[in-house]
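The numbers here are math on the coordinates, done by the rules we state, and not lab data. Computed from a predicted structure; not experimentally measured. All Cβ positions, glycine included, derive from the backbone under ideal geometry; neighbour counts span all protein chains shown.
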Amino acid sequence: MTNAESEGLAVDDSARRESAGPQVLTYSGDDLRGMFAAATTWLERNAEAINSINVFPVPDGDTGTNMYLTMQATMDEAYQASSDSADIIAKAMARGALMGARGNSGVILSQMLRGFADSLDGKDRFGGLDFATALEEAASSAHRAVRNPVEGTILTVMREVGVAARKRAQKLEGSLRSVLTSAVDAAKKAVAKTPTLLPVLRDAGVVDAGGQGLYIMLEGALRYLRGDLAPLAPLAIQDPHHSWLNATATLHEGGESEFGYCTEFLVVGEGLDAEVVLERMVELGESVLVVGDEKTMRVHVHTSDPGAAISYGTSLGELTRLKVDNIQAQAEEFSHKVQVGYEPNLAPVGTVAVASGRGLEDIFRSLGVTAIVHGGRTMNPSTQQVLTAIDSCPQDEVIVLPNNKNVVLTAEQAVQHSKKDAQVVPTQSIPQGIAALLALNLEKGLRENAAIMAEARHQVRTIEVTKAIRSVKVDGLSVRKGQAIALLDGKLVIADASPYNAALSCLGRALTPQTSLVTIYYGTDTDRDETLTLVTAIKKDYPSLDTEVVYGGQPHYNYILSLE
Amino acid sequence: MTVRVVTDSTADLSPQTVEELQITVVPQIVLFGQESFRDGVDLTTEQFFEKLTKSSIAPSTSQAPVGAFLEVYETLSAETDAIASIHLGAKFSGTVAAATIARDALSTPCRVEVVDSATSSLGLGLAVIAAAKAAKAGAPLEEVVAAARSVADRVHTFVLLDTLEYARRGGRISRLEALLGNLLDIKPILGIRGEIHALGRARTRAGGLKRMFELAMAYPDIAEIGVMYTTTPADADMLADWVRERLPDVPIHIARLGPALGAHGGPGLMGMVIVEGVKGD
């Protein structure tokens, strides 16, 4: 008898015990929320571990973080739900996930929650069968939403989960606990199988990160049901929105400051020190409120320099629940929209670009982009962030440039929910984004420009140089942790001792007789002298090439090179 | 008597064309600081571009003085009773204004019609050529002027700058700059039709030439094409080859851009002109 089976038997026993004694056959919306809150907590604890098994050993492969942040936004909304009914809570979660979705895994998760909520429609309470059906619907919903569903990913795992849950629910009138146990069991098995379905996972020696994240979440929910895990959740969950509002409202009533900007944000990071943050905020302004723990902190300050407060926040970690209001105007119950890099623009079609790095942002601005979405540390903004940027454009027609393959789905979701006529041009890198933006034709409309820009992004090749966070074999290449690696149009092609060598080797591979210009964007951690040495070497080896060196300030990637 | 056609040096007409069609060209003034030259007379185009790259002074061009127009009209009025004086767009220069003052000051019975082409360079040149051909065929002044206006109305001009350096030096870049980018090396493509407006940007010269070519080719009915260069004739030949491949039956003119555009566009400047077909023909 396997462990799983004996576990199953134990649960069946308890199910029989449950149905024998005082019956807890159905559960409330509050229980549902508790389960998902615990799932989120458990996900948060395991986020780093999930991040580390991304196939590509790149520092921004943050599946764990993305899923966690998505769930955090989900729970934020769940705690604001107007009633205790299961379907209202589920709908709230679906809404929160939709807007808070980050990265492809976040978007898929939000699609699952949508299906889950649809299935629970009209149900005030739910039991094992309801839950199983909802899990199945979640799987279908996610599958339908992805354009090219791939086996061996989170989609496969969810499908297996739905199937196993349904079987358990129907066969033995499964209680919620038994259904969830079967689900967890199926998830664990399906995750272990993913390397057999996706060769790239097998070569890398890892299981699918998204699938693993899903398994972790289900396990967390089960542990809650068993009483093993109380949702010792981060501040955002324990401290519902309205008590924060109460605290900050008293600050406003106090009338401490009448000018400047009321700046608020929630930062998710590591080793946060409330006293240090408080000290900094006090330097910047008044009416300071800092609440939280070392992983999550909520900040409120009245300052004339909201940019400084927000920049400080982004240096500590990921920001969410960001709000900046003009205090005077706020007093008149009128608030200005957050300035997300808005530049006055004469183009008939607005453009939104996702960029991380001060230099890169400056470049996009200098090229006349209408709005910028800050990617943040994981370089994956949420649906809401992209949506805010789209809505901040003065034009009715907007094109979105995700500049990262892990932001494309998020951008698509934002575009679907925008009231503007918006379209995504699926740029996969900063150079593609710049090429697309340069191709903007000021005399044409949305559809034509989208086609022009889609064509233009293929005219440039991208090289990205960073450091491997893990030893792995991928794309036929063996990489050791800590080595410099170079990706050519997203494919890992070079591993070398130094970023300098990796860049040069990759360039040698990528150049064609048609290449006439190489632009080197160097990152925030990159030595400027090393960059100049690199350029000198390029000029020497390829005297007919034009080169340009630009400060990009991007995190994680020492160099981003564009070849055109 | 044959109508005589007058234009200014911004028409970028070749000496052969000028002689063949008996066109009179009034030279623009090219200024390098305090030094002033008559375009094509005191300073050839070749010499201009050499001086441009060597000098730290940003050159500028201005219309010929009223007196120069008056002199031309007076001389020509001995041979004809009608003059068509076709010039660079009034939005770009005071040339039309100077010519008009000269016309009003003319004391001979010769009729002078001043035409604002609203365009420049080869676009103007093609309008002038059409007028001169009509004049050579014996058309009266009204028809000669109509021929020029007809072409001028159907002209679209595109230019590709290799650098924004000279435009900046000359103080010509203002709101255009915001659209053109200043952190990355950008090669702008501008359209000239009454005014100058930004049409696109490219990162490489090759990319820019392709973009400009496609912008020009986008017009469905093209009657005539011009290709212009400043310091890179080989690029002009290449563009002309592309045109021949795409539109083998359309007449192509190749011309060298002079100081009027060259002063601000700088060396490497390239251009294209298309004349749309007459509608309803």
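Taking amide H positions as modeled 1.01 Å from N, with prolines and chain starts lacking one, the residues under 5 Å from A:TYR27 and 5 or more places away or on another chain are A:PHE126, A:GLY127. Which entries in the list A:LYS481/A:LYS539; A:LYS419/A:LYS444; A:LYS540/B:LYS54; A:LYS295/A:LYS405; B:LYS54/B:LYS91 go over 23 Å, if you measure between the two C-alpha atoms of each? Correct reply: A:LYS481/A:LYS539; A:LYS540/B:LYS54; A:LYS295/A:LYS405; B:LYS54/B:LYS91.
The trypsin sites (Lys or Arg not before Pro) found in segment B:210-281 that occupy coil by DSSP, while having at most 11 further C-beta atoms within 10 Å, are B:LYS279. For chain B, a Kirkwood radius taken over Cα pairs fed into Stokes-Einstein (25 °C, viscosity 0.890 mPa s) yields D = 129 µm²/s. Which of A:ALA209, A:LEU198, A:GLN80 sits farthest toward the positive end of the charge dipole of segment A:3-233, with +1 on the Cβ of Lys and Arg and -1 on the Cβ of Asp and Glu? Of A:ALA209, A:LEU198, A:GLN80, it is A:LEU198.
Add -39500 (n - 2.57) for each DSSP H run of 4 or more in chain A, then divide by its residues: what number comes out at 222 nm, to the nearest 500 deg cm²/dmol? If you can, show how the numbers build up before the last one.
Numbers: 22 runs with 290 residues, N = 564.
Mean residue ellipticity, 222 nm, calculated: -16500 deg cm²/dmol.
Tally Lys and Arg at +1 and Asp and Glu at -1 over the other residues with C-beta under 15 Å from the C-beta of B:LYS133: what net charge comes out? Write out the running numbers ahead of the final one.
Working: positive: B:ARG4, B:LYS136, B:ARG149; negative: B:GLU19, B:GLU20, B:GLU143, B:GLU224.
Cβ neighbours under 15 Å give a net charge of -1.
Considering only the protein assembly as shown, what is the antiparallel percent among its DSSP beta bridges, to the nearest 5? Counting only bridges with both partners in the protein assembly as shown, antiparallel ones make up about 65 percent. Based on alpha-carbon atoms, the Kirkwood radius and the radius of gyration of segment A:115-195 give Rg/Rh equal to 1.00.
Between the helical axis of B:141-153 and the longest alpha-carbon principal axis of chain B there is an angle of about 10 degrees. Computed from Cα positions, the angle between helix B:45-54 and the longest principal axis of chain B comes to roughly 40 degrees.
Select from segment A:498-529 those chymotrypsin sites (Phe, Trp or Tyr not before Pro) which occupy a DSSP coil region and have at most 10 other Cβ atoms within 10 Å, ordered by residue number. Before the final figure, lay out the partial values.
Working: sites: A:TYR500, A:TYR521, A:TYR522; in loops: none.
Passing both the DSSP loop test and the Cβ count: no residue.
All alpha carbon pair distances within segment A:461-563 were sorted into 5 Å bins beginning at 0; the resulting P(r) in whole percents reads 3, 14, 26, 26, 18, 10, 4, 0. Extension gain for A:ASP228 to A:SER304 (0.36 nm times residue separation, less C-alpha to C-alpha distance): 22.6 nm. A dipole drawn for chain A from +1 and -1 charges on Cβ atoms has a positive end, and of A:GLY100, A:SER505, A:TYR261 the residue lying farthest that way is A:SER505. Extension gain, B:ILE252-B:ASP42: 0.36 nm per intervening residue step, less the Cα-Cα distance, totals 72.7 nm.
If contacts are Cα pairs under 8 angstrom and at least 6 residues apart, what is the relative contact order of chain A in percent?
Once normalised by length, the contact order is 12 percent.
With r as the distance between the Cβ atoms of A:SER498 and B:GLU50 and R0 = 51 Å, compute the FRET efficiency 1/(1 + (r/R0)^6) and round to 0.05. All intermediate terms of the calculation are to be shown ahead of the outcome.
Numbers: r = 46 Å, r/R0 = 0.89.
Plugging the Cβ-Cβ distance into 1/(1 + (r/R0)^6) gives 0.65.
Can you tell me the relative contact order of chain B? Whole percent, Cα pairs under 8 Å, sequence separation 6 or more. That works out to 21 percent.
Taking the Cβ-Cβ separation of A:ARG480 and A:LYS420 as r and a Förster radius of 60 Å, what is the calculated FRET efficiency to the nearest 0.05?
Working: r = 47 Å, r/R0 = 0.79.
So, using R0 = 60 Å, E works out to roughly 0.80.
Shape analysis of segment B:78-146 based on the Cα gyration tensor places the equivalent ellipsoid semi-axes at 19, 18, 7 Å, largest first. Taking only the Cα atoms of the protein assembly as shown, the ratio Rg/Rh comes out at 1.11, with Rh defined as the Kirkwood radius.
Assuming R0 = 45 Å, what is the FRET efficiency of B:THR232 and B:SER107, from their Cβ-Cβ distance, to the nearest 0.05? Each step should come with its number before you reach the end.
On the way: r = 47 Å, r/R0 = 1.04.
It comes out at approximately 0.45.
Roughly how many debye, to the nearest 20, is the charge dipole of the protein assembly as shown about its Cα centre, given +1 on each Lys and Arg Cβ, -1 on each Asp and Glu Cβ, and no other charges? Kindly include the intermediate steps, with their values, before the conclusion.
Values: 76 positive and 104 negative charges, 406 e Å.
In total the dipole reaches around 1960 debye.
GNM on chain B, alpha-carbon springs under 10 angstrom: the most fluctuating residue among B:PRO220, B:PRO233, B:PRO27 is B:PRO220.
Fewest to most neighbouring Cβ within 10 Å: what's the order for B:THR7, A:THR370?
Working: B:THR7 30, A:THR370 26.
In order of increasing Cβ crowding within 10 Å: A:THR370, B:THR7.
Between segment B:23-90 and segment A:95-160, what is the separation of their alpha carbon centroids in Å? A separation of 75 Å, based on Cα centres.
Can you pull out the GluC sites (Glu not before Pro) in segment B:181-281 that DSSP calls coil and that have at most 13 other Cβ atoms within 10 Å? Please report the intermediate quantities before stating the final value.
Numbers: sites: B:GLU195, B:GLU214, B:GLU224, B:GLU245, B:GLU276; in loops: none.
Taking segment B:181-281 and a limit of 13 other Cβ atoms within 10 Å, no loop GluC sites (Glu not before Pro) are found.
Axis of helix B:205-217 versus longest Cα principal axis of chain B: the two differ by about 50°, to the nearest ten degrees.
What number, rounded to the nearest 500 deg cm²/dmol, is the helix-based mean residue ellipticity at 222 nm of chain B, given -39500 (n - 2.57) per DSSP H run of at least four residues and division by all its residues? Mean residue ellipticity at 222 nm (helix-derived): -12000 deg cm²/dmol. Listed by chain and number, the aspartates and glutamates whose C-alpha is less than 19 Å from the C-alpha of A:LYS167, apart from same-chain residues fewer than 8 away, are A:GLU5, A:GLU7, A:ASP12, A:ASP13, A:ASP130, A:GLU136, A:GLU137, A:ASP185, A:GLU219. An ellipsoid equivalent to segment B:155-276, defined through the eigenvalues of its Cα gyration tensor, has semi-axes of 24, 14, 13 Å when rounded to whole angstrom and sorted largest first.
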